[in-house]
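*Asks:* Okay, handing you the structure first.
The values are calculated or read from the model by the stated rules, or taken from the named source; none is laboratory data. The model shown is predicted, which means the values in this text are computed figures rather than measured ones. Note that we place each Cβ from the backbone using ideal geometry, even for glycine, and neighbour counts take in every protein chain shown.
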Amino acid sequence: ARRLGSKKEKTLAMIKPDAVTKLGSIIEAILDTGFTITKAKMVKLSRAEAMDFYSEHQSKSFFNDLINFMTSGPIIAMEVIGDEAVASWRKLLGPTNSTVARSDSPESIRARFGTDGTKNAAHGSDSIASAARELEFFFPSSGGRGPKNTATFTKS
Ligand code: RTP
Ligand code: MG
């Protein structure tokens, strides 16, 4: 239910290659938290696409490992809507490093489904501006051919 003073936001939730087989459990966790899933797409990113998506990290020491990991198999991108969805989804994700997540936030997605500091199960946009950029990356408003996205997944 929409509480007074709550802020409806959209964010990008992405299941990374190591956790795609856990799709069902992750969707369950997303819906149990009260989010609505409004779009979903499975894609295998090219190196150029992964480098574009994570361009903010291009100068980091872990960039090449990150790109190798993110192009190692398909990913699932989802548009998720809810109260303060950007921060709230990142809270459900837990700490970036899954080993840290298992000690600090054992119920989190990264604790439950991730492996280490690189293979960490899922991604969440880190700001409203990032969410807008990342949603446009996977779900361009220019549309394209085929049926329009109007279906949603939600728990009443
Ligand atoms: P994400 O963007 O994927 O949601 O993760 P995040 O905000 O929690 O962490 P960020 O600093 O943006 O890092 C992006 C992804 O790069 C990999 N990484 N590896 N080995 C390392 O030191 C290291 N640090 C980050 C992880 O896959 C991380 O999620
Ligand atoms: Mg990040």
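*Asks:* Every residue in region 40-94 that is within 9 Å of ligand 1 (Cβ to nearest atom), part of a helix (DSSP H, G or I) and over 15 Å from LEU12 (Cα atoms), please.
*Replies:* Result: GLU56, HIS57, PHE63, ASP65, LEU66, PHE69, MET70.
*Asks:* Also, I was wondering about something else. Kindly list the number of the only condition in (1) outside any loop (DSSP other than H, G, I, E, B); (2) closer than 20 Å to SER46 by Cβ; (3) within 14 Å of ligand 1 (Cβ to nearest atom) that fails for THR99.
*Replies:* Of (1) outside any loop (DSSP other than H, G, I, E, B); (2) closer than 20 Å to SER46 by Cβ; (3) within 14 Å of ligand 1 (Cβ to nearest atom), only one is false for THR99: (2).
*Asks:* Also: Which condition from (1) within 15 Å of ligand 2 (Cβ to nearest atom); (2) touching a residue at least 12 places away in the same chain (Cβ under 8 Å); (3) touching a Leu at 6+ places or on another chain (Cβ under 7 Å) is the one that LEU66 breaks?
*Replies:* Just one mismatch for LEU66, condition (3).
*Asks:* If only one of ASN97, ASN120 is in contact with a Lys or Arg (Cβ under 6 Å, 6 or more places away or on another chain), within 13 Å of ligand 2 (Cβ to nearest atom) and modelled with pLDDT of 95 or more, which one is it?
*Replies:* On the way: ASN97 fails: in contact with a Lys or Arg (Cβ under 6 Å, 6 or more places away or on another chain).
On inspection, the qualifying residue turns out to be ASN120.
*Asks:* Taking the condition of being more than 11 Å from ligand 2 (Cβ to nearest atom) and either in contact (Cβ under 8 Å) with a residue 24 or more places away in the chain or touching a Cys at 6+ places or on another chain (Cβ under 7 Å) (or both), how many residues in region 50-60 meet it?
*Replies:* 1
*Asks:* Next question. Limited to region 91-122, what total is found for residues that are surrounded by 19 or more Cβ atoms within 10 Å (Cβ to Cβ) and β-branched (Val, Ile, Thr)?
*Replies:* Counting residues in region 91-122 that are surrounded by 19 or more Cβ atoms within 10 Å (Cβ to Cβ) and β-branched (Val, Ile, Thr) gives 1.
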